[in-house]
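Only one structure is covered here, and it is reproduced in the block below.
Rule-based calculations on the coordinates, nothing more; no lab input. All of these numbers come straight from a predicted model, not from anything done at the bench. Cβ coordinates were reconstructed from backbone atoms using ideal geometry, including for glycine residues, and neighbour counts include every protein chain displayed.
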Amino acid sequence: MKPVRFEYRAPQTLAEAVALLAAEPDAKPIAGGQSLMPLLNFRLAAPRVLVDLRRLPGLDAITINQDGVRLGAKVRWCDIEADRRLASAQPLLWQAVRHVAHYQIRNRGTVGGSLAHADPAAELPGVAVACDGEVSVVGSDGLRTMPAAEFFTGPLETALRTGELITELRLPRWPPERRWAFREFARRQGDFALAGVALFYDEEAEGRANNVHIAVIGACSRAHRLPAVEALIAGRVVDAATIAGAAKAAAAAVDPPRDLHADADYRRALVGTLLERALHEAAQRGRA
Ligand SMILES: Cc1cc2nc3c(=O)[nH]c(=O)nc-3n(C[C@H](O)[C@H](O)[C@H](O)COP(=O)(O)OP(=O)(O)OC[C@H]3O[C@@H](n4cnc5c(N)ncnc54)[C@H](O)[C@@H]3O)c2cc1C
């Protein structure tokens, strides 16, 4: 199918884009088009006006400093992949992005588009939530910033208000000695994950885990953390017994959807297995 007829606008400035979106409630921004174009073609979305973000300046930078990493909304998956600084500045992100879609999609898909689309199985929301990321948005009422954990409100739902644009995602500073892992399972490389986990912890001098952060994707209605599982690991040495207990708790802590790809029990079991493997990987990374 082809999209319903729409008006196309390509503003030159952020202020112009915000004004266009404010003036037309039935307008939608388009960035890489990798999620929106299929929705338009299937006529699942039919905005009257498309506001193309491609000409907006200043939203495509990856900034790394002592505060952490800032990703402009127009940063593409391939930009993240190609930026070797991220291998140490944000390895969880760098690793997770390798699982996103296929080469052609990674060449166009953007940070802002992924956050706004809020697919429960998307990797970036999982990383953003795991890392206590913050999402900045701008609208006709000005700029506001919110924790990623509050930004994602449900499947394909966010706290974005009508007419607001995402400008950047901030991820806090990443200590070099941090233990981390990203694991997901998809039926084919590049497909959306049936389930995934993004995790990190810091190790104290006597080998006990501290500051444990675990987020789940795919087996949930939105990327979210598993506080009960984090509490089980915190203060303990991440050994086989801790990992086994955490994996069991993680499987019990999720309430996955069922669909034609997998039933809820399968996804629940996957979360346990992925967490187990991720924790082993993280602990091993510490010893390497
Ligand atoms: C076959 C296929 C497989 C895929 N597999 C994966 C996968 O494994 N993992 C994954 O994470 N993604 C996957 N994707 C989605 C892909 O990563 C998209 O690129 C991404 O979700 C959206 O980015 P985009 O820039 O293309 O956004 P667009 O498609 O342009 O827009 C998506 C939504 O975001 C809104 N939007 C865009 N930019 C902004 C902004 N700055 N502020 C506010 N709203 C904005 C749009 O209005 C729209 O609602 C897949 C897509 C396809 C087609």
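Taking the centroid of alpha carbons for each part, region 92-142 and region 22-70 are 12 Å apart.
According to the square roots a ≥ b ≥ c of the eigenvalues of the Cα gyration tensor, what is the shape class of region 67-122, taking rounded for a/c under 1.5, prolate for a/b larger than b/c otherwise, and oblate for the remainder? Judged from the Cα gyration tensor, region 67-122 comes out prolate (a/c at least 1.5, a/b above b/c). Summarising the label geometry, the points placed 7 Å from Cα in the beta-carbon direction at Ala231 and Gln284 lie 3.1 nm from one another. Only Lys, Arg, Asp and Glu carry charge here, each on its Cβ (+1 for the first two, -1 for the last two); on that basis region 1-50 has a dipole of about 240 debye about its Cα centre.
Helical content alone sets the calculated 222 nm signal of the chain at -9500 deg cm²/dmol, taking -39,500 (n - 2.57) per DSSP H segment of four or more residues and averaging over every residue. Between the alpha-carbon centres of region 223-288 and region 181-214 there is a gap of 8 Å.
Taking Cα atoms only, the orientation of helix 240-253 departs from the longest principal axis of the chain by about 40 degrees. On the beta carbon distance between Arg98 and Asn41, with R0 = 22 Å, the FRET formula returns roughly 0.20. Dipole of the chain computed with +1 at Lys/Arg Cβ and -1 at Asp/Glu Cβ about the Cα centre; of Leu59, Thr110, Pro38, farthest Cα towards the positive end is Pro38. Counting Cα-Cα pairs of region 15-97 in 10 Å increments starting at 0 gives whole-percent bin shares of 15, 37, 29, 18, 1.
Sorted from longest to shortest, the spans of the Cα atoms of the chain along the three principal axes equal 59, 45, 33 Å. Since only Tyr201, Gln95, Phe151 are under comparison, the one whose Cα sits farthest along the positive direction of the charge dipole of the chain, derived from C-beta charges on Lys, Arg, Asp and Glu, is Gln95.
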